[in-house]
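Structure record follows, encoded as structure tokens.
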Amino acid sequence: MVAFSNTNDRDMDVYESGDGTQFAPVQLGAFRPQSGLVRDPSIFRHTDGSYYLTYTTGSGATIGFARSVDRVSWTPMGNYPVPFCCAFLPGTGDGTGSASLPGFTGSAGSSDGPSLSPFTTKAWAPEWFVDGSSVNVIVSLSTGGGFVPYLMTALNPSLTAWSFPVPLAGIGADHIDTTVVEVGNTYHAFTKNETTKVVEHAVSSSLAGPYTFVPPGNWGSFVEGPAVVQLPNRDWRIYLDKYTENKYLYSDSSDGLRTWSPVNELPGLSGTVRHVGVLREPA
């Protein structure tokens, strides 16, 4: 697990667990970017054996990257500017959701009006998704109004060149913190609706969509930052940031993401971590 904390969004902490419930620190303050923030971190292990991190920098339309061989010592890869030639992108909503600076109300902040610019102004909450041999980042983009999830695909093995952003069809405006897992031949997207402040669940036969919304779990409102991972017993777990109460929650599914258990508070880390990224590896 990688996370920033309630008290510090400049440093990233690393934890590990044998069961997905009881986490112990591997390295607190494991990574600090050369500039900016390290919010909403996401982690995966590449075919080269190294771990790669992507995160929200808080610096306009950029996302950050870092690399590690041991999860303890991290090498910054710099900030990647999401393409500014975004007159080709669909509009990013009517501004009824949140799109202000990090830290306001613990979430994305307050509404800042309709999208009036063709240029990307914010790139937040990037999430890795590996689809076969394809390495992708799902990132929430705004042109001044609400956020929309977009897909970027790595164009080289070193993850330094990326495709033009493509919207995840069917999810639409005013959605942030989108993460995807694949079960069988179905892609499952979990995304926060910034108008209702609930995490929604959508499915598709293609990574880029179109997605169709299905009933989510009863996870309550004012939750964000979903992270979904399969446990050793083959059940699925979703972790959720209950940001208005400084709590971290989890809920499990034993039937392939169709129904979910009532939420529980994550022991030990609830009240400390914010918007975690989780990677399951063999013991």
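One residue alone among 208, 173 is in contact (Cβ under 8 Å) with a residue 40 or more places away in the chain and either under 30 Å from residue 77 (Cβ atoms) or of a type in the set (Phe, Trp, Tyr) (or both), and that residue is 208. Going by the structure shown, is residue 225 out of contact with any Pro (no Cβ under 8 Å at 6 or more places or on another chain) and either farther than 26 Å from residue 163 by Cα or among the hydrophobic types (A, V, I, L, M, F, W, C) (or both)? Criteria not met by residue 225.
Pick out the one residue from 210, 226 that is part of a strand (DSSP E or B) and not basic (Lys, Arg).
Numbers: 210 fails: part of a strand (DSSP E or B).
After applying the criteria, what remains is 226.
Taking the criterion of being of a type outside the set (A, V, I, L, M, F, W, C) and either surrounded by 15 or more Cβ atoms within 10 Å (Cβ to Cβ) or in a strand (DSSP E or B) (or both), the residues of region 10-20 that qualify are 10, 11, 13, 15, 16, 17, 20.
The number of residues in region 153-187 being at pLDDT below 95, open to solvent by less than 20 Å² (accessible area, probe 1.4 Å) and in a loop (DSSP other than H, G, I, E, B) comes to 4. Cβ separations smaller than 7 Å between residues 6+ apart or across chains give the following pairs from region 25-37 residues that are farther than 16 Å from residue 274 by Cα to residues that are open to solvent by 40 Å² or more (accessible area, probe 1.4 Å) and among the small types (Gly, Ala, Ser): 36/59.
When residue 200 is tested against (1) surrounded by fewer than 19 Cβ atoms within 10 Å (Cβ to Cβ); (2) part of a strand (DSSP E or B), only condition (1) is not met.
Taken over region 29-67, the criterion of being open to solvent by 30 Å² or more (accessible area, probe 1.4 Å) and part of a strand (DSSP E or B) is satisfied by 29, 45, 67. Does residue 190 meet the test of being open to solvent by less than 20 Å² (accessible area, probe 1.4 Å), within 22 Å of residue 49 (Cα to Cα), modelled with pLDDT of 95 or more and of a type in the set (Phe, Trp, Tyr)? So residue 190 does not fit the description; no.
Residues being under 29 Å from residue 133 (Cβ atoms) and among the charged types (D, E, K, R) are entirely absent from region 210-224.
Of all residue pairs spaced 6 or more apart or on separate chains, those with beta-carbon atoms under 6 Å, a first member in region 229-249 that is acidic (Asp, Glu) and a second member that is open to solvent by 30 Å² or more (accessible area, probe 1.4 Å) and not in a strand (DSSP E or B) are 235/254. For residue 120, the conditions (1) surrounded by fewer than 19 Cβ atoms within 10 Å (Cβ to Cβ); (2) in contact with a helix residue (DSSP H, G or I) (Cβ under 7 Å, 6 or more places away or on another chain) all hold with the exception of (1). On the stretch given as region 247-271, residues that are among the hydroxyl-bearing types (Ser, Thr, Tyr) and either surrounded by 16 or more Cβ atoms within 10 Å (Cβ to Cβ) or modelled with pLDDT under 95 (or both) total 5.
The values are calculated or read from the model by the stated rules, or taken from the named source; none is laboratory data. Since we're looking at a predicted model, the values are computed, not measured. Reconstructed Cβ throughout: ideal geometry from the backbone, glycine too, with neighbour counts over all protein chains shown. Keep in mind that these areas ignore ligands, DNA and RNA; they rest on the heavy atoms of the full protein, side chains included. Shrake-Rupley method; radii C 1.70, N 1.55, O 1.52, S 1.80 Å.
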